[in-house]
Amino acid sequence: MIILGIETSCDETAAAVLKINHSDLIILAENVSSQIALHKKWGGVVPELAARRHVDIILPLINQTLTGAKIKPQELDALAVTGGPGLIIALQVGVETAKTLSWLWQKPLINVNHLEGHLSSPFLNQNSWSLINKKNTWPALALIVSGGHTELHLLKGLGQYQMIGRTLDDAAGEAFDKVAKMLNLGYPGGPKVSRLALEGNTAAFSFPRPMINKPDFNFSFAGLKTAVLYTLKKYKPSAIDHLLKANICASFQQAVVDTLVNKTIKAAKKYKTYTISLSGGVAANQLLRLSLTNAVNKFLSHSRCLVSPLKYAGDNATMIALAGYIKVRSKKLSNHLNNWQKINANANWELW
Ligand code: KG4
Ligand code: ZN
């Protein structure tokens, strides 16, 4: 199948063309236009600005992607679009554009949950895609860590997921962003915190590892964020210097990573999974990538750790195209020409 993927759920406008079947995966073209510069001065994503920018560039970006792929619309087998969750007015731009193109080009439209996209991203290269047909790949455990979600899913096979744990309050990425704000590091917070953490001491502050001893697989990061806030309040503003900030970043990041890795390993042991995958924007965090890989090698000798390629950790349309293919392949969706008539953006679309 040749699939055009479209993603506009937050602050990235993205399009990709994927040529795929059960054994081969070829990325014909992919483009991501980031809105970081647009939102930077506001300290976070402004939905109205995000949506307007998506409107301005979505069609030129799709056009550029098809040209780059050397594919004419008639050659596409389907379109896949992120229908939710995300910012409603941002999602609507991608969804309404995809519906219009689906009708115009007479191609089926596949509605993809953004988290199905993140779940697919660790399989976005030929080596990992070839694992899907191997018996010792499944069951798999997927840790998704993004700005809006922190979830553990058990995957019995491709496209067969069941949520076994999630955050009860803030997502891991949200905690990174909020700590960055407290420390005046700017937006987007995650990369700023992890960069500054390199200069700090991970043991400078003993921040809590929330819910680490609970038997379930849920997470909670609000208390950790508050612990950082209370620590900061002990200092006069003039005493909050570069080194103190670096120490806070390093200690906070270590607490988040310890919590995520600990729970993931426990879940992998319980469900006896052969593959442990990591995806979502926070999967760009080097300490997390390394710590989870090391822990899987150390504690789960018969398992492999499949970390999302760095460029597919954050939001992109290639993962949406792949998730679209997986949905059709696992017969979760008919590949119907008039699918577009039933598709609407849904800001709160839960995967489970
Ligand atoms: O998946 P994503 O691009 O968007 C959502 O679906 O939410 O994730 C964005 C999140 C943000 O919270 C951002 O701060 C975080 O991923 N992030 C990081 C890093 N890079 C991005 N968090 C920690 N360390 C990083 N290096
Ligand atoms: Zn995302």
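The values are calculated or read from the model by the stated rules, or taken from the named source; none is laboratory data. None of the values given here were measured: they were computed from a predicted structure. Methodologically, a virtual Cβ is constructed for each residue, glycine included, from the backbone with ideal geometry; neighbour enumeration extends over all protein chains shown. Side chains are part of the model used for accessible areas, which takes the heavy atoms of the whole protein and leaves out ligands, DNA and RNA. Shrake-Rupley method; radii C 1.70, N 1.55, O 1.52, S 1.80 Å.
Quick look at the values:
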| read-out | value |
| --- | --- |
| Any chance residue 304 is away from ligand 2 (no atom under 15 Å from the Cβ) and modelled with pLDDT under 95 | no |
| Counted residues, region 194-248 - those being closer than 21 Å to residue 169 by Cα, of a type outside the set (Lys, Arg) and either touching a Pro at 6+ places or on another chain (Cβ under 7 Å) or not in a loop (DSSP other than H, G, I, E, B) (or both) | 12 |
| From the options 51, 29, residue that is of a type in the set (Gly, Ala, Ser), free of Cβ contacts under 8 Å to residues at least 60 places away in the same chain and farther than 13 Å from residue 97 by Cβ | 29 |
| Unique match (being open to solvent by less than 10 Å² (accessible area, probe 1.4 Å), modelled with pLDDT of 95 or more, within 16 Å of ligand 2 (Cβ to nearest atom) and under 17 Å from the mean Cα position of the chain (by Cα)) among 173, 190, 165 | 173 |
| Qualifying residue in region 310-327 (condition: among the charged types (D, E, K, R) and within 16 Å of ligand 1 (Cβ to nearest atom)) | yes |
| Members of region 111-136 that are in a strand (DSSP E or B) and among the aliphatic types (A, V, I, L, M) | 112 |
| Some residue of region 63-85 being in a strand (DSSP E or B), open to solvent by 50 Å² or more (accessible area, probe 1.4 Å), within 16 Å of ligand 1 (Cβ to nearest atom) and within 24 Å of residue 123 (Cβ to Cβ) | no |
| Count - residues of region 91-110 that are among the aliphatic types (A, V, I, L, M) and outside any helix (DSSP H, G or I) | 2 |
| Matching residues, region 245-281, being within 16 Å of ligand 1 (Cβ to nearest atom), open to solvent by 20 Å² or more (accessible area, probe 1.4 Å) and farther than 14 Å from residue 210 by Cβ | 245, 281 |
| 2 or more residues within 16 Å of ligand 1 (Cβ to nearest atom) and either open to solvent by less than 10 Å² (accessible area, probe 1.4 Å) or within 16 Å of residue 83 (Cα to Cα) (or both): qualifying strands (runs of 3 or more DSSP E) within region 1-59 | 2-7, 12-20 |
| From 125, 201, 136, 184, residue being free of Cβ contacts under 8 Å to residues at least 12 places away in the same chain, more than 9 Å from ligand 1 (Cβ to nearest atom) and open to solvent by 40 Å² or more (accessible area, probe 1.4 Å) | 184 |
| Residues located in region 334-352, provided they are open to solvent by less than 50 Å² (accessible area, probe 1.4 Å), farther than 23 Å from residue 51 by Cα and either in a loop (DSSP other than H, G, I, E, B) or modelled with pLDDT of 95 or more (or both) | 351 |
| Subset of region 307-333 (residues that are assigned to a helix (DSSP H, G or I), open to solvent by less than 50 Å² (accessible area, probe 1.4 Å) and either within 16 Å of ligand 2 (Cβ to nearest atom) or under 15 Å from residue 265 (Cβ atoms) (or both)) | 312, 318, 319, 320, 321, 322, 323, 324 |
